[in-house]
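A quick write-up on the structure given underneath.
FYI, it's all coordinate maths here, none of it is from the lab. No experiment lies behind these values; they were computed from the predicted model shown. Note: ideal-geometry Cβ built from the backbone for every residue, glycine included; neighbour counts use all protein chains shown.
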Amino acid sequence: MTDPTRPAPGSPTNDATDPAMPPALHYIRMFTDDEGESELAPALLGGFALQTLGGAAAAMWMQRLPGVPEEVWFTVLPVGWTGEWHESPGPQWVTALSGRWWIETADGQRVEMGPGEIHWGEDQGTTSKRGHRSGQIGDLPCVQLMVRYRSAPDLAV
C-alpha cells in the first residue's frame, strides 16, 4: 500500500494559511470490513476550526474529537519485533515518533509508516479474530504514541 503519489499520513491537505479553507489530515484507517476481515484504506480527518489555546497565542487549526480517551501509551518496538496476528485491543490512534513500522491486514494489504504518520486502528471483532500483523522496520526501534478510546469516536467530521 506504500504509494509515493499518495500524501503521507499526517500531512495536511493544504498549507493552512487561508482561514476560509480548513485543512484535513491524511491518515491510514484500519477497520473490520463487511465480510468481517481487517482492511486498510486511506482517509481524511476534517472538521478543523481556527481556535486559540488562550492568552496571547494566535489561533491555529484544531480538531477536538468526541469520545473519551481511555489510555495514552508510549511504546517502543525493539529492532526485529513482529506482532503476529492480533486485533487492536480497542479503537486507537497510533503515531510513530521515531523509527518505522508496518501493518498487514487479512486482505493482504501492507502499509509502512514513519515519524509523524497517523494510523487509526479499529479492527476489533474480525470474523477470524486474526485482525492484523505489525512490526518494526530498520536498524532503530520504533517509538510510538498510542491514544486508545473507550469507544470509537465519530471520525466522519
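Where does each of W93, W101, W85 land when they are ranked from fewest to most other beta-carbon atoms within 10 angstrom?
W85, W93, W101
Given the range 1-133, what percent of its DSSP beta bridges are antiparallel, to the nearest 5?
For the range 1-133, the DSSP antiparallel bridge percentage is about 80.
Please work out the Cα convex hull volume for the range 47-95 and give it in Å³ per residue.
Roughly 154 Å³ of hull volume per residue.
How high is the relative contact order of the range 25-149, in percent, with contacts defined as C-alpha pairs under 8 Å that are six or more residues apart?
Reported relative contact order: 36 percent.
Could you estimate the translational diffusion coefficient of the range 25-149 from the Stokes-Einstein equation, with Rh from the Kirkwood formula over C-alpha pairs, at 4 °C and 1.567 mPa s, in whole µm²/s?
83
Of G55, A41, A106, which is farthest on the positive side of the dipole of the chain, counting Cα position, with +1 on Lys and Arg Cβ, -1 on Asp and Glu Cβ, and the Cα centre as origin?
Result: G55.
Around A152, with a cut-off of 14 angstrom between Cβ atoms, what is the net charge of the other residues, counting Lys and Arg +1 and Asp and Glu -1?
Neighbourhood net charge equals -2.
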